[in-house]
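K.L.:
After the structure tokens below, expect a handful of questions from me.
The values are calculated or read from the model by the stated rules, or taken from the named source; none is laboratory data. What you see is a predicted model; the values in this text were computed from it and never measured. Reconstructed Cβ throughout: ideal geometry from the backbone, glycine too, with neighbour counts over all protein chains shown. Calculation scope for accessible area: heavy atoms of the full protein, side chains included, ligands and nucleic acids excluded. Shrake-Rupley method; radii C 1.70, N 1.55, O 1.52, S 1.80 Å.
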Amino acid sequence: MPVSSHIVLWLALFTPAVGLAESLRMELPEHRVLSSSETESFEAALAEQLGVELGRSVQFGVSDGQVGVRVEASQQRGVTTYYRAVPAALVPTEAGPAAWADLREQSVCVSTASPYAPVLRERFGASPREYASSAHALIGLKLGECQAVVEDEALLTELATLPEWRRYKRLLPPLADAERQLRLTADQAGLQQEIDALVAQWSVDGRLAKLTQQWIDEVAFQAYVLADTLDCH
């Protein structure tokens, strides 16, 4: 698959704003949607783009008393939702689990602090096995360390079409009742209005969809690189 650049591509999607004001302080969630490594994620790229559009530098981490922006998850849909996280499962094409119920007492690969882990334990009796990122969790499946990898439906649907995943391209149905709507919540009303307006604009003109797709591609690429590294040893 083609090499993606998670820095150059997303910068090319937007026209940068000029001038810098007070820093935009962003608190990243422990579980990062579409994380491609231990330090890089879709949320971080989204925060950086907000900083560009608002003319602010970005600092990650918010302390008590500081004005900041945080990720909020809910089951209610809204116009300012930046990502719909719906869990699905990718399993071996042959001889893999045929249904979610088949994951009982089985090891399942997930990324660190995944919100899907409690669902797997409490609803299906599975044993989540955590990895540093989504890409690492995917490699855990290829290494046979688990019977399935549970991640966002959009990512797994894309992977299932790639030739390097032909042995692991079967998807268990997404769990629509476990969907999470992710929003950016600011501590200041004025800042919240600015963010809401930008996210709404990006949703309408397709820029948010492009950024999301870029990070799906980035996770897929990182998993490809990890797998290629393993094949060479």
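K.L.:
Regarding segment 115-129, can at least one residue be identified that is out of contact with any His (no Cβ under 6 Å at 6 or more places or on another chain), crowded, with 21+ Cβ neighbours inside 10 Å and either assigned to a loop (DSSP other than H, G, I, E, B) or among the acidic types (D, E) (or both)?
P.N.:
yes
K.L.:
Then there's this: Test each condition in (1) of a type outside the set (V, I, T); (2) out of contact with any helix residue (DSSP H, G or I) (no Cβ under 6 Å at 6 or more places or on another chain); (3) modelled with pLDDT of 95 or more for Y131 and report the one that comes out false.
P.N.:
Among (1) of a type outside the set (V, I, T); (2) out of contact with any helix residue (DSSP H, G or I) (no Cβ under 6 Å at 6 or more places or on another chain); (3) modelled with pLDDT of 95 or more, Y131 violates only (2).
K.L.:
Next question. Determine which single condition L208 fails, assuming it passes every other condition in (1) over 22 Å from Q75 (Cα atoms); (2) aliphatic (A, V, I, L, M); (3) assigned to a helix (DSSP H, G or I).
P.N.:
For L208, the failing item is (1).
K.L.:
Next up: Would you mind stating whether L172 is more than 21 Å from R32 (Cα to Cα), hydrophobic (A, V, I, L, M, F, W, C) and at pLDDT below 95?
P.N.:
No.
K.L.:
Please specify each residue of segment 131-168 satisfying the condition of being open to solvent by 10 Å² or more (accessible area, probe 1.4 Å) and either free of Cβ contacts under 8 Å to residues at least 40 places away in the same chain or of a type in the set (D, E) (or both).
P.N.:
Across segment 131-168, the qualifying residues are Y131, G144, E145, E153, E158, T161, P163, E164.
K.L.:
Among the numbered criteria (1) at pLDDT below 95; (2) over 19 Å from the mean Cα position of the chain (by Cα), which one does E145 miss?
P.N.:
Here E145 meets the rest and fails (1).
Yes or no, residue by residue, for (1) at pLDDT 95 or above; (2) touching a strand residue (DSSP E or B) at 6+ places or on another chain (Cβ under 6 Å); (3) surrounded by fewer than 17 Cβ atoms within 10 Å (Cβ to Cβ); (4) more than 30 Å from L90 (Cα to Cα):
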site: D187; (1), (2), (3), (4): no, no, yes, yes
site: Q192; (1), (2), (3), (4): no, yes, yes, yes
site: E218; (1), (2), (3), (4): yes, no, no, no
site: Y224; (1), (2), (3), (4): no, no, no, no
